[in-house]
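One structure below.
The values are calculated or read from the model by the stated rules, or taken from the named source; none is laboratory data. Everything numeric in this text was worked out from a predicted model, so none of it was measured. Please note: Cβ atoms are built from the backbone with ideal geometry, for glycine as well, and neighbour counts cover all protein chains shown. Ligands, DNA and RNA are stripped out before the accessible areas are found, and what is left, the full protein with its side chains, is counted by its heavy atoms. Shrake-Rupley method; radii C 1.70, N 1.55, O 1.52, S 1.80 Å.
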Amino acid sequence: MTIRDNTRELRSFGRRKGRKATPRQAALLRDVLPRIAIDLAAPFALSTSSVPSAVPCDSPAGSRPEGTNEAWLEIGFGGGEHLVWQAKQNPVVTLIGCEPFEDGVVKVLDAVERDHLANVRVHMGDARDVLRWLPDASIARAFILFPDPWPKRKHQKRRLVNASTLALLARILKPGAELRFGTDIGDYARSALEAFHAEKRFCWQAERPADWRIRPADWPETRYEAKAEREGRVRYYFRFRRL
Ligand SMILES: C[S@@+](CC[C@H](N)C(=O)[O-])C[C@H]1O[C@@H](n2cnc3c(N)ncnc32)[C@H](O)[C@@H]1O
């Protein structure tokens, strides 16, 4: 008799693999991924290679670049444009990216190798496994940008932004941390706002419509967002503060 595990979450993503990997892509998966992959069997530790060695450890508070010793998390980075941009702009921050789609992971591995990025860590799989692994209050900023929309009513329960994911995120985010969420689906924006409103550990950072209609300068456009723009869909840019 099979016992069904009702605690398993519904799958929130589509395919894991696209075309057969080219020899170069296979080499990146074989050689680079193990170097930067998150080890869920080991305790969480910040990458020391992202901390500039020129700054002495005993230097007075305030003399280190902003973000030193911080970890930021991106869930569902797709082609990795945003993750790689943030890693380059914030070399002292450790960027943890989660994405089950192999082709997207390969794009990030390629950038890590080409641009010698020392501050990127990757989990090729479901971000919720990483959320359960991370210690309390360990992440200073998180991004969920244009998650799979699951527009059909019967599939909406697969949407990643829901009460249980927000509870996981509330535990691992530091007080004051920012969580950014973007979508181009009005109904997803509405259901996500309801979920954030119900999770009292988050506060929506919007005072006027421009705060969610206009993408902040330090939030680069993603591939999926560019497609939404080409196809004329409204984009919503939400920022929440962990209280
Ligand atoms: C519509 S795409 C958007 C990708 C990218 N953020 C962008 O804006 O271009 C959503 C991505 O989220 C990923 N995803 C969905 N569920 C996920 C999960 N539970 N953990 C990690 N990634 C997930 C999918 O594989 C997919 O690549």
Shape category assigned to the range 152-221 from the gyration tensor of Cα positions, a/c cut at 1.5:
oblate
Considering the options Ala217, Val120, Gly104, tell which one lies farthest towards the positive end of the dipole of the chain, charges being +1 on Lys and Arg and -1 on Asp and Glu at the Cβ, about the Cα centre.
Gly104
Estimated inter-spin distance, Asp136 and Ala21, nm [label 7 Å along Cα→Cβ]:
3.9
Give the long-range amide H neighbours of Phe146: residues separated by 5 or more places, or on another chain, with amide H under 5 Å away, using H modelled in the peptide plane at 1.01 Å from N.
Gly182, Thr183
Listed pairs Lys20/Lys152; Lys17/Lys107; Lys107/Lys157; Lys20/Lys107 exceeding 20 Å between Cα atoms:
Lys20/Lys152; Lys107/Lys157
Calculated from backbone phi, Karplus (6.51, -1.76, 1.60) coupling profile of the range 174-191 in Hz, x at Gly/Pro
6, x, x, 5, 9, 10, 9, 9, x, 8, 10, 10, x, 5, 5, 4, 5, 5
List the lysines whose Cα sits under 17 Å from the Cα of Lys174, skipping any in the same chain fewer than 8 residues away.
Lys200
For the chain, rounded, prolate or oblate, judged on the Cα gyration tensor with a ≥ b ≥ c (square roots of eigenvalues), a/c < 1.5 rounded, else prolate if a/b > b/c?
rounded
List, in order, the whole-Hz ³J(HN,Hα) value for each residue of the range 71-86 obtained from phi through the Karplus relation with A = 6.51, B = -1.76, C = 1.60 and θ = phi - 60°; use x for Gly and Pro.
10, 10, 10, 10, 9, x, 7, x, x, x, 4, 5, 4, 5, 4, 5
State the percentage of accessible surface on the chain attributable to carbon and sulfur atoms; use a 1.4 Å probe and exclude ligands, DNA and RNA.
53
Where does the chain land at 222 nm, in deg cm²/dmol rounded to the nearest 500, when only DSSP H runs of n ≥ 4 count, each adding -39500 (n - 2.57), divided by all residues?
-8000 deg cm²/dmol
Sorting His123, His197 on solvent-accessible surface, 1.4 Å probe, most exposed first, gives His197, His123
So how much slack lies between Glu229 and Arg213, counting 0.36 nm per residue of separation and subtracting their Cα-Cα distance, in nm?
4.5 nm
Full extension between Lys200 and His116 adds, at 0.36 nm per residue less the Cα distance, a length in nm of 26.2 nm
